[in-house]
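Chemist: Please read through the structure below; I'll follow up with questions.
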Amino acid sequence: MNANEIKQRADFDRAHIWHPAAQMKDYESFPPVEVAKAKGCILYTQDNREIIDIVSSWWCNLLGHCNDEISSSVSKQLFELEHVIFANFTHPGAIELVEKLLKIVPKGIEHFNFADNGSSSVEMALKIAFQYQHQIGQTKRVRFACLDEDYHGETIGALSVGAMDLYSKIYKPMMMDNIHIPVPDMYRNTDVESTLQKARKLFEKHGHELCALIVEPILQGAAGMRIYPKEYLKGLYDLCREYGVLFIADEIATGFFRTGKMFACDHAEITPDIMCLSKAITGGYMPMSVVCTTHEVYKAFYADYSQMKAFVHSHTYAGNPLACAAANAVLDILNEGSVVSQASENAKWLSEEFERRFASHENIGQHRHIGLINAIEIVKDRDTKESFDSNLRLGYTIYQDAMKNGLLLRPIGDILYFNPPLNIDRDTLTKSLDIAQEVIFSNIEKIK
Ligand SMILES: Cc1ncc(COP(=O)(O)O)c(C=O)c1O
């Protein structure tokens, strides 16, 4: 395709397609890049450029683009059963997937309810928690608690239990009024014990009216890959137990070895009452989410129809067979083990490389990492931890420059991160590090 055709298509796209999480005016100077195909970590554009997808396309692409095993599982499924209503019907792919999930979820999780994206699974989890409390007679429990800086998606319920103004401020009048629990900030040195004491105080005051606490376990992704200690997660879990509050773990971004273990809750050895899975579950092939619950939760809904205890909630694409086929292939690959060991070896090496290349620079405030996820926070002043003026849009400028140089380095404010597929190779990591280092440092110099 020649340059003129590509430009015309970009102009058409910009005129009619409203892209996610964007000020569309920015697309005037930075038009959408048209991707023709992809393989492994590489996106191939219509103008024959290669871009390394180091953020796994919003963290869902767990095992590389167009992975042969996942592609053949989905393509085989395409000619057997593309979709079937999931009410009163089931199919082999769903049964096989749940058999596999049962073997890997925290012990005690036994029931699986399908939806089709992360936010929908959060909505479902909140509704299940609310209805559960109602049906066991706890009718005064009508509020939720969530963590400061948490992100759970963009639908109204999910926004309500999120804590980031960027996404939710304007919608406040539409949102539920929830209790916000503080989280230790390991960069700005908030003490874990005293933060837990603050959480305890909030439970003392509000515990009786809470149906559930929802958390991003250990990793607060959208807040800038913030990582808090497993002891804090366990402390919150214990508070929930003490006050009869359900514990919802949103493992949408953390599930399937993103934090080095199958699930982030595994670090703290806890079994949530309700757990949300999505993103990586299909390797980024198909939209799918699963809300998993213990039998204790499930049984509160199980009764004669006339008692009106059923969970009357549905999504058209629930249990979609193509998504199940993708997920089954993903779990087979993880189960085989070699990709997981490759990821854990590379995780150690990658964090050392980040430390070596970035950590001592005077404008890198913190390097944080878990699993293969590595993030660096750029600051104006390392001593005071003051950020650069957000109007300078440093992270966004770095993103544009990185893209021109062949790396998809999508920022969160002035935080840049890698969250690559588990099977990325070292050469691609090295190339990504080289590009990142060059564009980050040169753009910092430009604004100083
Ligand atoms: C922790 C977490 N929860 C929920 C969501 C929302 O998922 P979706 O974008 O599929 O609605 C995300 C998406 O980034 C997430 O990271």
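Chemist: Could you list, in sequence order, the residues of segment 96-110 that are open to solvent by 60 Å² or more (accessible area, probe 1.4 Å), of a type outside the set (Asp, Glu) and not in a loop (DSSP other than H, G, I, E, B)?
Modeler: Those that are open to solvent by 60 Å² or more (accessible area, probe 1.4 Å), of a type outside the set (Asp, Glu) and not in a loop (DSSP other than H, G, I, E, B): LEU102, LYS103.
Chemist: Any residue at all in segment 146-165 that is hydroxyl-bearing (Ser, Thr, Tyr) and open to solvent by less than 30 Å² (accessible area, probe 1.4 Å)?
Modeler: Within segment 146-165, one or more residues are hydroxyl-bearing (Ser, Thr, Tyr) and open to solvent by less than 30 Å² (accessible area, probe 1.4 Å).
Chemist: Take the residues in segment 66-81 that are over 12 Å from GLY93 (Cα atoms), open to solvent by 30 Å² or more (accessible area, probe 1.4 Å) and outside any helix (DSSP H, G or I); name whichever of them is farthest from the ligand (Cβ to nearest atom).
Modeler: Among those residues, the one meeting the criterion is PHE79.
Chemist: What number of residues within segment 225-249 are open to solvent by less than 10 Å² (accessible area, probe 1.4 Å), within 16 Å of the ligand (Cβ to nearest atom) and out of contact with any Phe, Trp or Tyr (no Cβ under 8 Å at 6 or more places or on another chain)?
Modeler: 3
Chemist: Residues of segment 12-25 being open to solvent by less than 60 Å² (accessible area, probe 1.4 Å) and touching a residue at least 12 places away in the same chain (Cβ under 8 Å), which ones?
Modeler: Passing the criteria: ASP13, HIS19.
Chemist: Is there any pair linking a residue in segment 247-265 that is farther than 18 Å from ALA375 by Cβ to one that is within 12 Å of the ligand (Cβ to nearest atom) and of a type in the set (Asp, Glu), with Cβ under 6 Å and at least six apart or on different chains, and which?
Modeler: Close Cβ pairs (under 6 Å, with a partner that is within 12 Å of the ligand (Cβ to nearest atom) and of a type in the set (Asp, Glu)) amount to ASP250/GLU216; PHE263/GLU251.
Chemist: Would a scan of segment 291-306 turn up a residue that is within 16 Å of the ligand (Cβ to nearest atom), modelled with pLDDT of 95 or more and open to solvent by 10 Å² or more (accessible area, probe 1.4 Å)?
Modeler: no
Chemist: If you don't mind, another one. Are any residues in segment 149-160 more than 11 Å from SER119 (Cβ to Cβ) and either modelled with pLDDT of 95 or more or small (Gly, Ala, Ser) (or both), and if so, which ones?
Modeler: So in segment 149-160, the residues more than 11 Å from SER119 (Cβ to Cβ) come out as 149-150, 160.
Within segment 149-160, ASP150, SER160 qualify.
Chemist: If you go through segment 272-295 one residue at a time, do you hit one that is more than 21 Å from the chain's Cα centre (by Cα) and more than 30 Å from CYS41 (Cβ to Cβ)?
Modeler: yes
Chemist: Given the condition within 30 Å of ASN189 (Cβ to Cβ) and not hydrophobic (A, V, I, L, M, F, W, C), answer yes or no: does some residue in segment 282-292 qualify? First the steps, then the outcome.
Modeler: The initial filter retains those residues of segment 282-292 that are within 30 Å of ASN189 (Cβ to Cβ), namely none.
No: segment 282-292 contains no residue that is within 30 Å of ASN189 (Cβ to Cβ) and not hydrophobic (A, V, I, L, M, F, W, C).
Chemist: Being over 29 Å from ALA3 (Cβ atoms), outside any helix (DSSP H, G or I) and either within 16 Å of the ligand (Cβ to nearest atom) or more than 22 Å from the chain's Cα centre (by Cα) (or both) is the filter here; which residues of segment 24-65 pass it?
Modeler: Residues satisfying the conditions are CYS60, LEU62.
Chemist: Suppose we filter ALA212, ALA223 for residues that are of a type in the set (A, V, I, L, M, F, W, C), in a loop (DSSP other than H, G, I, E, B), in the same structural domain as PHE263 (by TED's automatic domain parsing) and in contact with an Asp or Glu (Cβ under 9 Å, 6 or more places away or on another chain); which single one remains?
Modeler: Answer to the check: ALA223.
Chemist: Next up: Examine segment 254-272 for a residue that is touching a Cys at 6+ places or on another chain (Cβ under 6 Å), within 13 Å of the ligand (Cβ to nearest atom) and either farther than 30 Å from GLY365 by Cα or among the hydrophobic types (A, V, I, L, M, F, W, C) (or both), and state whether such a residue exists.
Modeler: no
Chemist: What pairs come out if I take residues in segment 216-235 that are aliphatic (A, V, I, L, M) and pair them with residues that are open to solvent by less than 10 Å² (accessible area, probe 1.4 Å) and in a strand (DSSP E or B) whose C-beta lies under 6 Å away, six or more apart or interchain?
Modeler: As it stands, the answer is MET225/ILE373; MET225/ALA375; MET225/TYR417; ILE227/LEU219, since those pairs meet every condition given.
Chemist: What about GLY93, is it open to solvent by less than 80 Å² (accessible area, probe 1.4 Å), away from the ligand (no atom under 16 Å from the Cβ), over 17 Å from ALA402 (Cβ atoms) and not assigned by TED's automatic domain parsing to the domain that holds ARG258?
Modeler: Against the criterion (open to solvent by less than 80 Å² (accessible area, probe 1.4 Å), away from the ligand (no atom under 16 Å from the Cβ), over 17 Å from ALA402 (Cβ atoms) and not assigned by TED's automatic domain parsing to the domain that holds ARG258), GLY93 does not qualify.
The values are calculated or read from the model by the stated rules, or taken from the named source; none is laboratory data. What you see is a predicted model, and the numbers here were worked out from it, not measured in a lab. When we count neighbours, we look across all protein chains shown, and the Cβ atoms used for this are built from the backbone with ideal geometry, even at glycine. Keep in mind that these areas ignore ligands, DNA and RNA; they rest on the heavy atoms of the full protein, side chains included. Shrake-Rupley method; radii C 1.70, N 1.55, O 1.52, S 1.80 Å.
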